[in-house]
């Protein structure tokens, strides 16, 4: 009787669970078959060259953090499951980031965005770099302890490889101290995309400028309209042959708007030619800002003309 009961219970267990737990077969999932069992150790058996091993000193190689590549599948977290490459059936892994055999830009960027999608990268989709097929690895170097594009002194040279005009501006008489290592491109621009123009970190050019030039923000009692509208009405940000990054020198810069009447309408040159009026003495030397020194705005009750 007990034997029949035992057999009946075992039969019921088999029908209910599919197999006796003690004899259950563990089947490998496709992911377990695809990825190398020893992770990065499998790759490093062949890839011991100096251009690869420095990755062990980077945040990507922190095995204690499950969010890092080495905390998951090692090298294949980025290069994709590559069983044929591990078995030496093919020369390259599934995803190649640099060189003549690099994978398509979309595939490379998609791999990076599996982790780096939030924060400063949230506007990448649709950004100017993305629409111009710029790959993450065009700017970033991963197998080094210090990525050059993240180092203040070396970042500009990385940007200048594409932005040649801005490189030329940085050599002009007046320029932001980029070559001196005090300011870098990413202080003003977000290369991963932004809601503002020209990939600026803020919504407007003025808000971006105010992050350093807070004294120009105001509010002030007497406002200069071009200043409130856009700093770049008068200044060019990357470099100028004129002092203080001006588009052109006073009084010509000022006379683009103030040329209607009074002393600002009198020409700076040609005073000795027939039919010409003499140049006003106020236009000499530094020009208009000799008197209108508070050109960005004034809080003086008598500052309607931005004078001292």
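The values are calculated or read from the model by the stated rules, or taken from the named source; none is laboratory data. What you see is a predicted model; the values in this text were computed from it and never measured. Please note: Cβ atoms are built from the backbone with ideal geometry, for glycine as well, and neighbour counts cover all protein chains shown.
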>> Let me confirm something: among 171, 153, which residue is closer than 21 Å to residue 201 by Cβ, outside any helix (DSSP H, G or I) and not assigned by TED's automatic domain parsing to the domain that holds residue 44?
In response: 153
> (1) assigned to a loop (DSSP other than H, G, I, E, B); (2) out of contact with any strand residue (DSSP E or B) (no Cβ under 7 Å at 6 or more places or on another chain): which one isn't true of residue 194, the others all being true?
Replying inline: (2)
>> Which of the numbered conditions does residue 264 fail, given that it passes all the others? Conditions: (1) surrounded by 15 or more Cβ atoms within 10 Å (Cβ to Cβ); (2) closer than 19 Å to residue 293 by Cβ; (3) modelled with pLDDT of 80 or more.
In response: (3)
>> Just the residues that are under 17 Å from residue 143 (Cβ atoms) and in contact (Cβ under 8 Å) with a residue 40 or more places away in the chain, please, taken from segment 83-112.
In response: 97
> Is there a residue being under 24 Å from residue 190 (Cα atoms), in contact with a helix residue (DSSP H, G or I) (Cβ under 8 Å, 6 or more places away or on another chain) and part of a helix (DSSP H, G or I) anywhere in segment 59-75?
Replying inline: yes
>> I'd like to check something: does segment 124-146 contain any residue that is under 26 Å from residue 62 (Cα atoms), in a helix (DSSP H, G or I) and not assigned by TED's automatic domain parsing to the domain that holds residue 48?
In response: no
>> Any residue at all in segment 240-254 that's farther than 24 Å from residue 297 by Cβ, in contact (Cβ under 8 Å) with a residue 60 or more places away in the chain and part of a loop (DSSP other than H, G, I, E, B)?
In response: yes
> Say we look at segment 174-191 and pick out the residues that are touching a strand residue (DSSP E or B) at 6+ places or on another chain (Cβ under 8 Å) and either assigned by TED's automatic domain parsing to the domain that holds residue 123 or in a loop (DSSP other than H, G, I, E, B) (or both); which of these is nearest to residue 126 (Cα to Cα)?
Replying inline: 190
>> Please verify whether residue 163 is closer than 30 Å to residue 100 by Cα and at pLDDT 95 or above, treating the condition exactly as stated.
In response: yes
>> Condition first: surrounded by 14 or more Cβ atoms within 10 Å (Cβ to Cβ), under 14 Å from the mean Cα position of the chain (by Cα) and free of Cβ contacts under 8 Å to residues at least 60 places away in the same chain. Now tell me which residues in segment 184-232 satisfy that.
In response: 184, 185, 186, 187, 188, 189, 196, 200, 201, 202
